[in-house]
Amino acid sequence: MNERSSVPHPAGGIALDSSPLAPSDIDRIIKAVECRFNEQVEFLTQLVRTPSLRGMEAGVQGIVSDALQKRGYDVQRFAIDSDRIGKDPAFSPTSFALEDSTVVVGLKRTPRQGGRSLALNAHVDVVPVGTSSRWKYEPFSATRDGDWLYGRGAGDMKAGLTANLFALDALSAAGYKLKGPVQFQSVIEEETTGNGAAMVLAEGFHADAVLISEPTNEKLVSANTGVLKFAITVRGVPAHPFEVAAGRSAIDIAIRTIERLRQLEQEWIAERPISQPDFAGVDNPIALTIGTISGGEWLASVPSECRFEGRIGFYPGEVAEARASRFERFLRQAFSNDPQLKGCPEPEIEWVGVKQSGYVLTPGGEAEALLARAHSLAESSQRELQRFVMPCYLDAAVFTLHGNMTSLVYGPVAEHIHAVDERVSLSSLLRVTKAIALFAASWCGIEVAVEQA
């Protein structure tokens, strides 16, 4: 279903039919956020204590769905359609079945046309915790320590999800309703494929703007890199230690292959385009990462096979398939020309996750201006909103490139995301929730609810 506003704007955007927020509106909204912040932290604690690793998101999505239904949203749940993979360019490759995991979307429509539509988006899937004993607190304990709430997913990005929900709650509590329709999107698969966001588009959900409350340290993402996620299997010649010279270690071949990929990484870094100054201050926007490796069959044998998985970035402006072809071509040439790889069977390359181009947020848009004002109003110091590059995959790329939507990525301060002792700043979460509430009010427009009139 299409929740997109259709009022044209001379500059290609959407005409604004509401006046700026009055000081009294701002005060009421901010106070409403503050009054419910303890409840918000309790809800975040509940979410973090419900593990939502890949394929295990059903529990958290049930909590989110129930919360939306209690608030009067029209709640829709749907699974990712695997038949679209390879056919719809918004979808990325995957070999992982997600029978029990769904996307949740809550809708609030308006009885009349007028305000612009808005989607507030967050993902609930989290990455593995690693070795629990290395954590200060149990990874899913959601332990509060001063200003910090610890736990896997606390920062990335269940805190952002609560900011979206309680920002909208605050508007209702302050006695307002939005003039434009709003979507609350709780997606899966952001960490692996981005297919949750792609499925949102496939189901017809569009809006004039989407705000994704990823942990950005209260900054606005100006651009992100394209990303390819891959698995490579190399094969050697197995042998007994008795005749080790007759063998060829697949693990050694894998190590050499990774060394060559580091050369590719440097080549791609050097291609930094002059036309994209946002990347000038980023040390390694390409960021080749080898995340897993496994190989060998027996501790006293020369290993036959080794498989490793990773990701590599590339600059916005190039189609992901073209970059993937360059990657494959580079490896074939390496195995043909490198003395340490020559003669080995060609590596098997699989695309196992995000295969998506990057995007750039064009500066000077009205949505950015309204968010910047909301950010400043939510800050006691009235700090200006800063832009920065996130050299990683973001669901904003799907909405921007395949949905032609204005996509803003802005969220709280968090530390050690994807690492040991992940944590989110609660004072920052409070500020961000205020900013999102003020942005939603400014973007969609507000009017006094009937019962408050």
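The values are calculated or read from the model by the stated rules, or taken from the named source; none is laboratory data. Note that the structure is predicted; figures quoted are calculated from it, not measured. Here the Cβ positions follow ideal geometry from the backbone for every residue, glycine too, while neighbour counts run over all protein chains shown. The accessibility values were calculated without ligands, DNA or RNA, using every heavy atom of the protein model including side chains. Shrake-Rupley method; radii C 1.70, N 1.55, O 1.52, S 1.80 Å.
So here's what we get for this one:
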read-out	value
Pairs with Cβ under 6 Å, 6+ apart, first in segment 245-267 and at pLDDT 95 or above, second in a helix (DSSP H, G or I) and surrounded by 18 or more Cβ atoms within 10 Å (Cβ to Cβ)	260/334
Qualifying positions in segment 291-308 - in contact with a Phe, Trp or Tyr (Cβ under 7 Å, 6 or more places away or on another chain) and closer than 15 Å to residue 253 by Cα	293
Residues of segment 337-392 satisfying the condition of being crowded, with 17+ Cβ neighbours inside 10 Å, farther than 30 Å from residue 327 by Cβ and not acidic (Asp, Glu)	367, 370, 371, 372, 373, 374, 375, 377, 378, 385
Tabulated pairs, segment 401-428, first among the hydrophobic types (A, V, I, L, M, F, W, C), second open to solvent by 40 Å² or more (accessible area, probe 1.4 Å) and assigned to a loop (DSSP other than H, G, I, E, B), C-beta under 6 angstrom, 6+ apart or interchain	413/217; 426/147
Unmet criterion (only one of (1) in contact with a Pro (Cβ under 9 Å, 6 or more places away or on another chain); (2) closer than 22 Å to residue 34 by Cβ) for residue 152	(2)
Any hit, segment 149-170, residues being farther than 20 Å from residue 60 by Cα, surrounded by fewer than 24 Cβ atoms within 10 Å (Cβ to Cβ), of a type outside the set (Ser, Thr, Tyr) and over 20 Å from the mean Cα position of the chain (by Cα)	no
Residues that are at pLDDT 95 or above and within 20 Å of residue 191 (Cβ to Cβ), drawn from segment 89-115	90, 91, 92, 93, 102, 103, 104, 105
Residues of segment 257-300 classified as polar (S, T, N, Q), open to solvent by 80 Å² or more (accessible area, probe 1.4 Å) and part of a loop (DSSP other than H, G, I, E, B), total	1
Residue in segment 71-82 that is open to solvent by 80 Å² or more (accessible area, probe 1.4 Å), more than 25 Å from residue 173 (Cα to Cα) and not in a helix (DSSP H, G or I) present	yes
All positions within segment 310-329 that are of a type outside the set (A, V, I, L, M), touching a residue at least 12 places away in the same chain (Cβ under 8 Å) and over 16 Å from residue 262 (Cβ atoms)	315, 316, 317, 318, 321, 323, 328
Residue in segment 36-59 that is nearest to the chain's Cα centre (by Cα), counting only those that are open to solvent by 30 Å² or more (accessible area, probe 1.4 Å) and among the acidic types (Asp, Glu)	42
Yes/no for residue 92 being small (Gly, Ala, Ser) and open to solvent by 10 Å² or more (accessible area, probe 1.4 Å)	no
Filter result (out of contact with any Phe, Trp or Tyr (no Cβ under 7 Å at 6 or more places or on another chain), over 22 Å from residue 21 (Cβ atoms) and of a type in the set (Ser, Thr, Tyr)) within segment 404-427	427
Residues satisfying the stated conditions in segment 418-434, i.e. farther than 25 Å from residue 393 by Cβ and among the hydrophobic types (A, V, I, L, M, F, W, C)	426, 430
Residues of segment 309-336 satisfying the condition of being under 25 Å from the mean Cα position of the chain (by Cα) and crowded, with 16+ Cβ neighbours inside 10 Å	309, 310, 311, 312, 313, 314, 315, 316, 320, 323, 324, 327
Residue in segment 235-255 that is of a type in the set (Gly, Ala, Ser) and assigned to a strand (DSSP E or B) present	yes
Test: residue in segment 214-227 that is closer than 22 Å to residue 404 by Cα, touching a residue at least 24 places away in the same chain (Cβ under 8 Å), of a type in the set (A, V, I, L, M, F, W, C) and open to solvent by 10 Å² or more (accessible area, probe 1.4 Å)	no
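Matching residues to (1) closer than 16 Å to residue 267 by Cβ; (2) of a type in the set (A, V, I, L, M, F, W, C); (3) not in a helix (DSSP H, G or I):
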position: 307; (1), (2), (3): no, no, yes
position: 311; (1), (2), (3): no, no, yes
position: 321; (1), (2), (3): no, no, no
position: 327; (1), (2), (3): yes, yes, no
position: 334; (1), (2), (3): yes, yes, no
position: 339; (1), (2), (3): no, no, yes
position: 353; (1), (2), (3): no, no, yes
position: 362; (1), (2), (3): no, no, yes
